[in-house]
1. Cα gyration tensor of the chain, axes a ≥ b ≥ c as square roots of the eigenvalues: rounded (a/c below 1.5), prolate (a/b > b/c) or oblate?
2. How far, in degrees from 0 to 90, does helix 3-50 lean away from the longest principal axis of the Cα atoms of the chain, to the nearest 10?
3. Among the lysines, which have Cα under 26 Å from the Cα of LYS6 when same-chain residues fewer than 8 positions away are ignored?
4. Helix-derived [θ] at 222 nm for the chain: sum -39500 (n - 2.57) over DSSP H runs of at least 4, divide by residue count, nearest 500?
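We did not get these values from a lab; they are worked out from the coordinates using the rules stated. The structure presented is a predicted model; accordingly, all values stated were derived computationally and were not measured.
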Amino acid sequence: MTDMDKRLENIEDKIDSIRTTLSQIAIQRDRIERLEERMHAIWTRYDTLIGPDGVLSSMKNFQASCPRATVKWVWVILVPMGLTVLGMGVALMRCI
């Protein structure tokens, strides 16, 4: 083999390694682009959840309009009713 053939083989090997490296870079770039699209989708969902017209804002407004005074009276009624039912259950258990 002549010196020129050796140099050409060396150049071919280098070109093959460059081709392999470029294909790996292309695959990584594709993966990075997909990850960027996913992150954009996640941020879009986050913005729709947290934004001014989002779900959490409407929930906060609903909770702010909750009639707390009425809920307090519901507890005043529910606790005695629950205790009454419990007492009746205990009385029935004693009869058995």
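1. Cα axes put the chain in the oblate bin.
2. Around 20 degrees separate the two axes.
3. The qualifying lysines are LYS14.
4. So the calculated ellipticity at 222 nm is -32000 deg cm²/dmol.
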